[in-house]
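Structure, as structure tokens:
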Amino acid sequence: MRKFKLFSFTLLSAVTLPLAAQQALPKLQLAEQITLSGLSSGAYMAGQYHLAFAEQVSGVAMLAGGPVYCAQNSLGLALEHCFNKASSSPDMSAINQYLTAQRTAGKLAPVTALKNDKVWIFHGNKDTTVYPGLAAVLNQQYQQWVDAGNIALITDKAFGHTFPTDNTALGSCDVSEAPFLASCNYDAAGELLKHLLGSINAKTATGNGQLIPFNQHQLAAAAKGTLAETGYLYVPQSCASGESCRLHVSFHGCKQNAASVDQAYVSGSGLNNYADSNNIVVLYPQTTASSINPFNPNACWDWWGYTGAEYATKEGMQLKAIHQLVQALTD
């Protein structure tokens, strides 16, 4: 294929809000190569997708996350080493041994597919939800696979557990609460896209594209049972008109899915404003909350194994579902 997107472990389920009616998707002309981004559990998911399907990924941005396979298929290890403890010390030897074995078995992309990719790692140093020191661990992990010059590590911002924006209408940057978007005088969307794509056009002041709710279960058979029925796709007018465009997949964080915060994340990160001026279609896949079987009350992406032991490989239910969505859009 050619190379051409938690955290509170409580028993409280997310508040359910009404979702927009699903619509049919327009026919799009999308490049095969995609980019990824994610916040919190979405950062873990973005890293997992990158390692599994690197042949189709050219760059990944991870905000407020930790190393890929940090939890090692264990909620206990997730809480001990990948969450908010300053003593966090993931067993990187065991983690990388597992990833190497999965790569050898063909369940992850070959390491050669990662070498030239762009990686953007961001972590606010006032984050009390996920220990900021995990960003350095993630950076070290990626330096095994990706040329160091392709990796950007930003850890000098006094931000909380949030997706930082330059939107002054949002809340304080040192607060870590839903919808996990904040006014920080920092344009994370622009910074990450600039690193992943190179030179980009300035963002539009207001979006001129369409945010389309669509049926994830119909587009991807593997989505049923692990993803929400409704996902979102932001399509600029130029892309809807048939121009050649790129696909960016953005993974929400815990308690940041549409059923929890309505369209705050899918409309408010700033990604859509850059999508309009740079011919980028943005896919916002959606998880769903569940109190038992599986235990995922906050609609997190699976980075500790609640969908099964293969969650971080091509055989993982969620990775397989997202890949089917991507293939349906780019084929």
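Here are the numbers for this structure:
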| quantity | calculated |
| --- | --- |
| 10 Å-binned pair-distance histogram of segment 157-208 (Cα, whole percent) | 25, 46, 27, 1 |
| Given charges at beta-carbon only (K, R positive; D, E negative), |dipole| of the chain in Debye | 440 debye |
| Radius of gyration, Dmax [segment 212-320; alpha carbons; angstrom] | 14.6, 44 |
| Cleavage-rule hits, chymotrypsin sites (Phe, Trp or Tyr not before Pro), segment 265-331, DSSP coil, Cβ neighbours within 10 Å at most 13 | PHE295 |
| Nonlocal amide H pairs with ALA182, under 5 Å, H built at 1.01 Å | PHE163, THR165 |
| Centre separation in Å (Cα based) which lies between segment 130-156 and segment 223-239 | 29 Å |
| Residue among TYR98, HIS161, GLY190 farthest towards the positive dipole end of segment 29-330, charges placed on Cβ | TYR98 |
| Greater than 18 Å apart at Cα, pairs in LYS27/LYS203; LYS27/LYS194; LYS255/LYS314; LYS107/LYS320 | LYS27/LYS203; LYS27/LYS194; LYS255/LYS314 |
| Charge tally in the Cβ shell below 10 Å around GLN237, where Lys, Arg are +1 and Asp, Glu are -1, GLN237 excluded | -2 |
| Cα-based equivalent ellipsoid, the chain: semi-axes from gyration tensor eigenvalues, Å | 26, 22, 21 |
| Neighbour cut-off at most 15 other Cβ (10 Å), DSSP loop, GluC sites (Glu not before Pro), segment 180-280 | GLU243 |
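Taken together, the values in this text are just the output of simple stated rules run on the coordinates, not laboratory data. Since this is a predicted model, take the numbers as computed values, not measurements. Neighbour counts run over all protein chains shown; Cβ positions are idealised from the backbone, glycine included.
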